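Everything below concerns the one structure shown next.
The values are calculated or read from the model by the stated rules, or taken from the named source; none is laboratory data. Just so we're clear, the structure is a prediction, and the values are computed from it rather than from any experiment. Because the Cβ atoms are built from the backbone with ideal geometry, glycine has one as well, and the counts that use them run over all protein chains shown.
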Amino acid sequence: MTHGILARKDNTLIYYNENVKTTLPISQIQDIHAIGKVTIKSGALSLMAEKNIPVHFYNKYQTNIGSFYPRNNNTNGTIIIAQTRAYIDPSKRSHIARSIVLSTKHNILHILHHYAKNDKEILEAINKIQEIKIRETTNINKIMSDEAQVWKQYYSCFDKITPSLPFEKRTFNPPHNEMNSLISLLHTVTYSTVLTQILQTYLHPAISYLHQPLERRYSLALDLSEPYKPLLAHRIIFRMINRKQITKNSFVKEDTIRLKEQALKKILIEYQKQLDSTVSSKKLKRKVSYRFLIKQDAHKLVKFVLEDTKKFSAYKQK
């Protein structure tokens, strides 16, 4: 978060900030999020490339503006061809897209049930979401339309869950209020986390199924991050606002609305805790982290496009 210089010393990284030197053991790093103004020396880039560690860069509005990722040592022509064939095949593409939306819907309901209790409006939204059928169709636009209806009902509950920080409606670029600023930040961090896990597989991050492949963003990360937004981003938002760890005073208004530095630090620490928290896996018969589950989804997608499995299903919270 702080402004400084990232350099290499022997086989590890050193961060210099205002005459303070911090050692960053390379073996403990999965990825780096450069939120402050970070200058990266060529030696550090070389080491990160060797260890396959990506760097995600953010601007002053706390929005991801791009990622450095090493030349992909995991490149596999067979899988890229299989990915492409699955995209071109209407039945396979729609199966993947629909599975992602079904998992997203399931995880949204999981979060809402936690907050429903005796709240009539949230219970009504739950019923409406349950009634929304994610159509079995090869028309991706129809699947995305069904998903949009799920999100609309879900977002209608935000003001009931966190009344102290009004949501009103979803707005982007720039967000119109504090809640939308918070959502945009944590969606971006979730996207970056998912991208890191994709880059550790043989998948190409630009070949996607629910979202159209895009020139400027790795759209497969947009796909696979959908089911995790409620479980990672929104769970943190609701918890920290209701505990008054984040309030209107946590934000600064300049040309846009963004978190103050200390509030941002609190949010990112909480995000890492949530990402590394564990849930029981019935299939693996042990507890695994959300970070592991994201990577597992990527591996399940690899198996599906290679036709090693007949179905693909993203993670659903039990």
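How many residues does the range 107-121 hold that are buried (at least 20 other Cβ atoms within 10 Å of the Cβ) and either not in a helix (DSSP H, G or I) or not hydrophobic (A, V, I, L, M, F, W, C) (or both)?
1
With the checklist (1) under 18 Å from the mean Cα position of the chain (by Cα); (2) free of Cβ contacts under 8 Å to residues at least 60 places away in the same chain in hand, flag the one item Lys282 doesn't pass.
Condition not satisfied by Lys282: (1).
I'd like to check something: does the range 13-24 contain any residue that is more than 30 Å from Glu136 (Cα to Cα), of a type in the set (Lys, Arg) and either surrounded by fewer than 20 Cβ atoms within 10 Å (Cβ to Cβ) or at pLDDT 90 or above (or both)?
yes
Can you name the residue in the range 49-58 that is of a type in the set (A, V, I, L, M, F, W, C) and in contact with a helix residue (DSSP H, G or I) (Cβ under 8 Å, 6 or more places away or on another chain) and is also farthest from Pro70 (Cα to Cα) among such residues?
Val55
Please go through the range 19-60 and give me each residue that is in contact (Cβ under 8 Å) with a residue 60 or more places away in the chain and at negative phi, ordered by number.
Listed by number, the residues that qualify are Gln30, Asp31, His33, Ile35, Pro54, His56, Tyr58, Lys60.
Considering only strands (runs of 3 or more DSSP E) fully contained in the range 202-318, which possess at least 2 residues that are of a type in the set (A, V, I, L, M) and over 19 Å from Lys105 (Cα atoms)?
Output list reads 257-259.
Taking only pairs six or more apart or across chains, which ones have beta-carbon atoms under 6 Å, a first residue in the range 1-13 that is closer than 20 Å to Glu261 by Cα, and a second residue that is among the polar types (S, T, N, Q) and exposed (fewer than 12 other Cβ atoms within 10 Å of the Cβ)?
none
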